[in-house]
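Scroll down for the structure; my scribbles are underneath it.
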Amino acid sequence: MKSTALSQMHIDLGAKMVPFAGYNMPVQYEGVNIEHETVRNGVGVFDVSHMGEFILKGPNALDLIQKVSSNDASKLFPGRAQYSCLPNNTGGIVDDLLIYMIKEQEYLLVVNASNIEKDWNWISSHNSKGVEMLNVSDDWSLLAVQGPKAIDVLQKLTDVDLSEIKYYHFTKGVFAGVDDVIVSATGYTGSGGFELYVPNSVAKKVWNSLFEAGKTYDIKPIGLAARDTLRLEMGFCLYGNDINDKTCPLEAGLGWITKFSKDFINSDELKNQKEAGVSKKLIGFEMVDRGIPRNGYQINNADGIAIGHVTSGTMGPSVKKAIGLGYVNIDYVSENQDIFLEIRNKQVAAKVVKFPFYKA
């Protein structure tokens, strides 16, 4: 099991550590609900250094990215990032990822920890034009400083005007005395904030600087369990739960990052599927009856006939409701549609609702 540059620090802070995607990661410190509300109302710091980072360079880097990803990376410019996915040849998704244009002919791809090797091999297998590829996943640390007070804490540590960094934009600058830190606004929590990409060698320095600067804002370390409840309240997909090698991006509501203005892997088949219409779709739902939805629970219609399954579920700490995501037959996706979860052989009522569950 791998450790991040900060694993021992999390242990010293009393975090509950668990294996996650091959890494020893902090799942919680004080408790999921407390940590969740810290991010919603104040500021918290996640160590997400288990994420993978690839650098693609050269005159053909954009061509390779355009071939393997569904979004249109030609729209990027230095300082701009986009959300995208890597379609496979059978209609599913190899991974979802972030693509940053660092400068002309240089891009940063940020992938899920559990898929680092798979993604690397997949992209490499399509690199027919000599694009220089660097896997820097083991060399970089990634800190996500999230919450409405994040900007106040971070601004103490940099001359970069953070208020000018729009959502899905980034810059490079001096942060906490460290040169060339990527400061990005691509948060996964729905409560604002920034991500910091730094070399492992300075990760502890940056972490300590954040907590010193954030003392007056009651800054706290946050575990991955709260990260999951925060993203779920926003209706954001989690790879391995809500999307995987067998789920189509159109079924997952990711048509907005599936651009048919270009050719990419399996684009013809996906275009045909869009024209024909999908047979199932990812929906958000909230429980009407008492019960907590869990991954794998069967979803039925009023007659008890199976129409789908739950992919993610929790009791939302901010929305104070049991909420979930799941795939259902296309006939059951309309808002306020009654559905029923099969929980311990009982039919438990729920209804379809729009994303996001949480609205600030």
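The values are calculated or read from the model by the stated rules, or taken from the named source; none is laboratory data. Model, not experiment: these values are computed from the prediction. So basically every Cβ, Gly included, is an ideal-geometry build from the backbone, and we count neighbours across all protein chains shown.
Among residues belonging to region 188-202 that are in contact with a helix residue (DSSP H, G or I) (Cβ under 9 Å, 6 or more places away or on another chain) and at negative phi, point out the one that is surrounded by the fewest Cβ atoms within 10 Å (Cβ to Cβ). Reasoning before the result, please.
Initially, region 188-202 is screened for residues in contact with a helix residue (DSSP H, G or I) (Cβ under 9 Å, 6 or more places away or on another chain), giving 188-194, 196, 198.
Restricting the remaining residues to those that are at negative phi gives 188-189, 191, 194, 196, 198.
Working: Tyr188: 19, Thr189: 25, Ser191: 25, Phe194: 24, Leu196: 24, Val198: 22.
Per the criteria, the residue is Tyr188.
Quick check on my filter: what residues within region 114-147 are among the polar types (S, T, N, Q) and touching a strand residue (DSSP E or B) at 6+ places or on another chain (Cβ under 9 Å)?
Ser114, Asn115, Ser124, Asn127, Asn135, Ser137, Ser141, Gln146
Going through region 188-220 one residue at a time, which ones are of a type in the set (Val, Ile, Thr) and closer than 26 Å to Gly79 by Cα? Even if it seems obvious, please write down each step before you answer.
Of region 188-220, the ones of a type in the set (Val, Ile, Thr) are 189, 198, 202, 206, 216, 219.
Correct list: Thr189, Val198, Val202, Val206.
Conditions (1) out of contact with any Leu (no Cβ under 9 Å at 6 or more places or on another chain); (2) buried (at least 17 other Cβ atoms within 10 Å of the Cβ); (3) not charged (D, E, K, R), marked per residue:
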{"position": "Thr229", "(1), (2), (3)": "yes, yes, yes"}
{"position": "Ala252", "(1), (2), (3)": "no, yes, yes"}
{"position": "Lys280", "(1), (2), (3)": "yes, yes, no"}
{"position": "Ser312", "(1), (2), (3)": "no, yes, yes"}
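For Trp256, only one of the following conditions fails: (1) in a helix (DSSP H, G or I); (2) surrounded by 14 or more Cβ atoms within 10 Å (Cβ to Cβ); (3) among the aromatic types (Phe, Trp, Tyr). What is its number?
Failing condition for Trp256: (2).
From Lys67, Lys103, Lys118, Lys149, which residue is touching a residue at least 12 places away in the same chain (Cβ under 8 Å), of a type outside the set (Ser, Thr, Tyr), out of contact with any Leu (no Cβ under 7 Å at 6 or more places or on another chain) and assigned by TED's automatic domain parsing to the domain that holds Lys215?
So the residue among Lys67, Lys103, Lys118, Lys149 that is touching a residue at least 12 places away in the same chain (Cβ under 8 Å), of a type outside the set (Ser, Thr, Tyr), out of contact with any Leu (no Cβ under 7 Å at 6 or more places or on another chain) and assigned by TED's automatic domain parsing to the domain that holds Lys215 is Lys149.
Does region 155-171 contain at least one residue that is in contact (Cβ under 8 Å) with a residue 12 or more places away in the chain and in a helix (DSSP H, G or I)?
Within region 155-171 (the criterion being in contact (Cβ under 8 Å) with a residue 12 or more places away in the chain and in a helix (DSSP H, G or I)), the answer is yes, since at least one residue qualifies.
So, of the residues in region 9-29 that are over 22 Å from the mean Cα position of the chain (by Cα) and without any contact (Cβ under 8 Å) to a residue 40 or more places away in the chain, which turns out to be farthest from Thr229 (Cα to Cα)?
Asp12
Which one of Thr186, Thr216 is within 22 Å of Ala81 (Cβ to Cβ) and not in a strand (DSSP E or B)?
Thr186
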